[in-house]
């Protein structure tokens, strides 16, 4: 018997189109032990790949609103040599143990608010950190203490820190720290 060509297979499928369209609740046992099933649920066609233990590994629902794909597997990996892009109206990621993101750089652009909730400690570390509020306030609230620890803590000081005014007195050879009564501490500008 001659080997069936691609043209022959297409001609045979065209001759019996209803044999595939009207067939429901059919299944094929694959050599790997998985089962490929075709079912009808309401007005939708459902294609499923079922494991040997009865677990549905892959399910594709074909309905009037478009296809819906569900996959359940022990491990799932996507690899792209250039770009991987996801476009959707809403995205939700649920991980029972951990989510890790590793990259050379990370940029986030959010048009609305960001809300981060943690049951434990939020720890952020970098070579340097900058927080800027372009229009509104910056609020810090703590149930307990607020601790600031740095080489210098400057308030309302956009310029680099300057040495206290008492330092020139010591450098001029007086050898004594100024007292509270010293004119440099006076609020009267005529006494300075």
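The values are calculated or read from the model by the stated rules, or taken from the named source; none is laboratory data. Fair warning: this is a prediction, and the values are worked out from it, not measured in the lab. Virtual Cβ from ideal backbone geometry, glycine too; neighbours counted across all protein chains shown.
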**Request:** Could you please let me know if residue 59 is modelled with pLDDT under 90 and either assigned to a strand (DSSP E or B) or surrounded by 10 or more Cβ atoms within 10 Å (Cβ to Cβ) (or both)?
**Result:** no
**Asked** Which residue pairs have Cβ atoms under 8 Å apart, sit 6 or more places apart or on different chains, and have a first residue in the stretch 67-80 that is closer than 14 Å to residue 50 by Cα and a second that is outside any strand (DSSP E or B)?
**Response** 72/55
**Request:** For the stretch 70-87, name all the residues that are at pLDDT 90 or above and surrounded by 10 or more Cβ atoms within 10 Å (Cβ to Cβ).
**Result:** 70
